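The values are calculated or read from the model by the stated rules, or taken from the named source; none is laboratory data. This structure is a prediction, so every number in the text was calculated from the model and none was measured. Quick reminder, even Gly has a Cβ in these numbers, built from the backbone with ideal geometry, and neighbours come from all protein chains shown. For the accessible areas, the whole protein counts, side chains as well, though only heavy atoms, and no ligand, DNA or RNA atoms are used. Shrake-Rupley method; radii C 1.70, N 1.55, O 1.52, S 1.80 Å.
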Amino acid sequence: MRRAALATAVLACTALGATLLPSAAQAADTPLRDLAAAKGVYVGNAVAGGKLSGNAQYSGVAGTQFNSLTPENAMKWGSVEPTRGSFNWAEADQIVAFAQAHNQQVRGHTLVWHSQNPSWLTNGGFGATELRGILQQHIATEVGRYQGKIYAWDVLNELFNEDGTYRSSPWYGTLGVGFVADSLTWAHQADPAAKLYINDYNVEGLGAKSDALYNLVRSLKAQGAPIDGVGFQAHFILGQLPSTLQANLQRFADLGVDVAITELDVRMQTPATDAKLAQQGSDYATVVKACLAVTRCRGITAWDVSDADSWVPSVFSGYGAATLYDEGYQPKPAYRAVATALGGTVSPSPSTSASTSPTPTTSPSPTATATASPTAGTSSPPAGNRCTAAYSVPNQWNTGFSGSVTVSCPAGASLSSWHLDWDFTAGQQLTQAWSGVCTQSGKHVSCANATWNGVVGAGGSVTLGFNGTWAGSNPAPVVTLS
Ligand code: G3I
């Protein structure tokens, strides 16, 4: 569970070859996903299969910066079941495979919606019994296909009108409100481990629509329906975030459900200016901070990789520039604001710089100074002035978990390489690692830095990420840093 299994192992910094380092900002490139993992949340994006295979800049950003992917359209009813009983899984399968290859979790989106349904469904004129059977069959088939591969499903999407009444849809019109609990139940039967969400927009702050959703979730919990979370889409307009965002997330969490930001973007009237981009950064940071402040907020998903991919201009005439990356896949001030809000520091290269890398230089805070380590070169620094390693399990589910170890150095110490050792004493098994190279032999795990993150500057830190399996219990091990 997020932040529940945090154990800090204080370790002697025995890297005797400690060197003087110019700055932490040059010490490590820390992707958003690693910064997020160190905070106990995930950071995701919405993706299209064709771009993952056909656009190297797009797939590069999607694969390296995010540890969660949401199929933007590929799992919607119209995509997977365009003809009754005939399923097309190609793009959804492709996205799931990409995610698995990049150690990413997947948010399934979406099973029951009023939009993007095939014409055979919307024009079928089905009676209640038949429609209920169609819905059950669709949910069972789709969730069943990806059983064990989807972290969370947006089972139900956009149920309410702005005034809090139920939106008219084939489901509500023919089946009544019972389709909500039924859909959750069928999804749970098909994948008991998946987290089941209701997702909506314009519910981020307090208000009539948010109240309706709140009352529904409270009622579902009272009925014992399998509702695990609420998704807040967060399609915002520049400078117009609800001031009650954090309080609203918290009141839902207090019902006993997870919450997540599921489709974050901040649109502006184009063209973008420096002032608008700065405001956009502030808006993105506000959302990240609100999520971090709510313990049951599991993560943040941005909606679309770059401004070139965004849905916004085609729907809101005159608006755009809503994402973290510009149309050339260069990180925008909003990217840097998100990294900073997640605890990183980012080199001040503007999006207009000559850099061709989609990944700016980041490192977790606190910002290092250029001061020399007073103990560099000979022996372990004294207690309180040592580099340390902190083991954390921010996410754990029935048989698996995602963990991280953050190596941090205080102002007076630094590392030119690092090595981590620990024993999994309860039979846990490492399955994947990133931002480091790990092997497991029996219960012993041994990890070394990747080629690019061995240096940990004075005041800086780097984070190793990994996935594993467990059974029975999953105690935090004692980690040794050398
Ligand atoms: O794939 C066809 C293409 O073959 C055709 O030539 C073209 C012509 O218009 O349309 C293409 O399909 C479009 C599809 O996106 C893929 O690009 C649809 O018309 C278009 O309506 C669809 O828009 C998506 C929209 O949901 C409706 O499903 C957006 O990409 C997607 O970002 C948006 O996402 C929604 C979330 O699911 C729910 N919350 C709101 C969010 C933004 O609207």
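Take the Cα of Thr431, step 7 Å toward its Cβ, do the same at Thr141, and the gap between the two points is 2.7 nm.
Our analysis of the chain gives Rg over Rh at 0.99, with the two radii drawn from alpha carbon positions and Rh computed by the Kirkwood formula. Put simply, the amide H of His419, placed in the peptide plane, has neighbours under 5 Å in Ser482, leaving out anything fewer than 5 places away on its chain. Per residue, region 100-149 exposes 44 Å² of accessible surface when a 1.4 Å probe is rolled over the protein heavy atoms with every protein chain present.
A simple count of charges around Pro475, restricted to other residues whose Cβ falls under 15 Å of its Cβ and scoring Lys, Arg +1 and Asp, Glu -1, yields 0. Listed by chain and number, the aspartates and glutamates whose C-alpha is less than 17 Å from the C-alpha of Lys332, apart from same-chain residues fewer than 8 away, are Asp29, Asp265, Asp274, Asp283, Asp304, Asp307, Asp309.
With the highest mean first, a sort of the peptides 236-245, 197-206 on other beta-carbon atoms found within 10 angstrom per residue produces 197-206, 236-245.
Given the DSSP H assignment, sum -39500 (n - 2.57) over each helix run of at least 4 residues in the chain and divide by its residue total; what's the result at 222 nm in deg cm²/dmol, nearest 500?
-8500 deg cm²/dmol
In straight-distance terms, cross-link reach from Lys443 covers every one of the aspartates and glutamates whose alpha-carbon lies under 17 Å from its own, apart from those fewer than eight places away in the same chain; here that gives Asp421, Asp423.
DSSP finds beta bridges in the chain, and of those with both partners inside it, around 60 percent are antiparallel. Along region 169-185 the Karplus relation, 6.51 cos²θ - 1.76 cosθ + 1.60 evaluated at θ = phi - 60°, assigns HN-Hα couplings of 7, x, 5, 5, x, 9, 9, x, 5, x, 5, 5, 5, 4, 4, 4, 5 Hz to successive residues, with x for each Gly and Pro. A simple count of charges around Tyr151, restricted to other residues whose Cβ falls under 10 Å of its Cβ and scoring Lys, Arg +1 and Asp, Glu -1, yields +4.
Dimensions of region 22-103 along the principal axes, based on C-alpha atoms and rounded to the nearest Å, stand at 62, 28, 16, largest first. Between amide H atoms placed 1.01 Å from N, distances below 5 Å from His235 occur with Asn202, Asp265, all of them 5 or more places distant or on a separate chain.
Between amide H atoms placed 1.01 Å from N, distances below 5 Å from Gly343 occur with no residue 5 or more places distant or on a separate chain. Full extension of the chain between Thr399 and Ala208 yields a length gain of 64.8 nm, computed as 0.36 nm times the residue separation minus the alpha carbon distance. A Förster radius of 41 Å, combined with the Cβ-Cβ distance separating Asp423 from Ser53, puts the computed FRET efficiency at roughly 0.50. Rounded to whole numbers, the Karplus 3J(HN,Hα) couplings from phi for region 107-113 are 9, x, 8, 9, 8, 10, 8 Hz, using 6.51 cos²θ - 1.76 cosθ + 1.60 with θ = phi - 60°, and x at Gly and Pro. Residue by residue, region 307-312 carries 3J(HN,Hα) couplings of 4, 6, 9, 5, 6, 4 Hz when phi is fed to the Karplus relation 6.51 cos²θ - 1.76 cosθ + 1.60 (θ = phi - 60°); x denotes Gly or Pro.
Compared with the dominant Cα axis of the chain, that is its longest principal axis, helix 56-65 is turned about 70°. Listed by chain and number, the lysines whose C-alpha is less than 17 Å from the C-alpha of Lys289, apart from same-chain residues fewer than 8 away, are Lys39.
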